[in-house]
Amino acid sequence: METKQKAKNAYNYPNFKAKFYQFKDFEGLKEGDTYRDFELQDTQGKKRNLSDFLDKPLVLEMGSITCPMYAGHVTPMQEIAEKYPEFNFVVLYVREAHPGNNISCHKDFDGKMAAAKEAARFYDDRRTLLVDDIDGEAHEVYGKLPNSVYVIDTDGTILFVKPWNNTDYLEDILSNLLQKKPTEDLKFRPAKPGLGQSFTTLLKGGWVSLYDFIVELPGLLWKHWKAGNLY
């Protein structure tokens, strides 16, 4: 992967709009599908494949430094990882959920890598962060939402997927999977980031991130409400 890689399409939007994210019509791989492998880079610049982490079932979460959902999950996800060493836990670093004037949309891979490194530092995320390419090739396959979560079995079968992560429910999911029990009837509603976490995260992006979020908040809340009824 060339670090000089430049963005070629509109995947990296410069300003957040609620319409960019559809909860109902999730376009990513579904449960029972076979995963897609990708060659990515970790924050140390080492080339890694998703398949490198399938010696155990893989919990794969999407995230970016300007995503309040991801930011709010870092600590509880690491606590879950400690309780469930039977799984590998990895973050796929994707486009900025709320780009701003401090952390803007990614224009090249070097900038995206820098943002991923800063996310690991700022949120003290000790999981492996794998950085997607500049045009989101892997993110496209895994649904293009900012904080979806997958559990992938060692044979590559997708055991569980939700468009939005929620650590309040994930532990029960992993417990059932370990015991070979079904997960279909377990509750898993979209998480709602706290105001304090949202404010901290959006300020990290800059005042433009905060402004866009406030303008789009009514539409975003409506989407969250509808998604809550879906799940």
What does the charge count near E140 come to, summing +1 for each Lys or Arg and -1 for each Asp or Glu among other residues with Cβ under 12 Å from its Cβ?
-2
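Which percent of the accessible heavy-atom area of segment 104-177 goes to carbon and sulfur, probe 1.4 angstrom?
Numbers: 990 of 2390 Å².
So the carbon and sulfur contribution to the accessible surface is 41 percent.
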Calculated [θ] (222 nm, deg cm²/dmol) that DSSP helices of n ≥ 4 give over the chain, each run adding -39,500 (n - 2.57)
-11500 deg cm²/dmol
Add +1 for every Lys or Arg and -1 for every Asp or Glu among the other residues with Cβ under 15 Å from the Cβ of D33, and state the total.
-3
Which is the longest stretch in the chain that no exposed loop site breaks, taking sites as GluC sites (Glu not before Pro) with a DSSP loop state and at most 10 other Cβ atoms within 10 Å?
87-183
Given segment 68-167, what count of lysine pairs have C-alpha atoms under 28 Å apart, with each pair 8 or more places apart or on different chains?
9
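If R0 is 22 Å, what FRET efficiency do you get for K6 and K46 from their C-beta distance, rounded to 0.05?
Numbers: r = 22 Å, r/R0 = 1.01.
For K6 and K46, the calculated efficiency is 0.50.
For segment 66-118, what is the accessible area per residue in Å², given a 1.4 Å probe and the full set of protein chains? Display every interim value, and only then the final one.
Values: 1720 Å² over 53 residues.
With all protein chains present, segment 66-118 gives 32 Å² per residue.
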Test of understanding: extend the Cα→C-beta vector of D37 to 7 Å, then name every residue of segment 49-84 with backbone N under 13 Å from that spot.
49-55
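Using DSSP to call loops (not H, G, I, E or B), can you name the trypsin sites (Lys or Arg not before Pro) in segment 135-196 whose Cβ has at most 11 other Cβ atoms within 10 angstrom? Let's see the in-between values first.
Numbers: sites: K144, K180, K187; in loops: K144, K180, K187.
Those that pass, being in a loop and sparsely packed, are K180, K187.
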Structure-derived volume of the Cα convex hull per residue in Å³: which label, when the choices are (i) 110; (ii) 169; (iii) 159:
(i)
Over the chain, what is the percentage of antiparallel beta bridges among all DSSP beta bridges, to the nearest 5?
60
The farthest towards the positive end of the charge dipole of the chain, of the residues S51, I214, M62, given +1 on Cβ of Lys and Arg and -1 on Cβ of Asp and Glu, is I214
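Relative to the Cα centre, what is the charge dipole magnitude of the chain, using +1 at the beta carbon of each Lys and Arg, -1 at the beta carbon of each Asp and Glu, and rounding to the nearest 20 debye? Mind dumping the intermediate values first?
Numbers: 30 positive and 34 negative charges, 133 e Å.
With Lys and Arg at +1 and Asp and Glu at -1, about 640 debye.
The values are calculated or read from the model by the stated rules, or taken from the named source; none is laboratory data. Just so we're clear, the structure is a prediction, and the values are computed from it rather than from any experiment. Methodologically, a virtual Cβ is constructed for each residue, glycine included, from the backbone with ideal geometry; neighbour enumeration extends over all protein chains shown. Ligands, DNA and RNA are stripped out before the accessible areas are found, and what is left, the full protein with its side chains, is counted by its heavy atoms. Shrake-Rupley method; radii C 1.70, N 1.55, O 1.52, S 1.80 Å.
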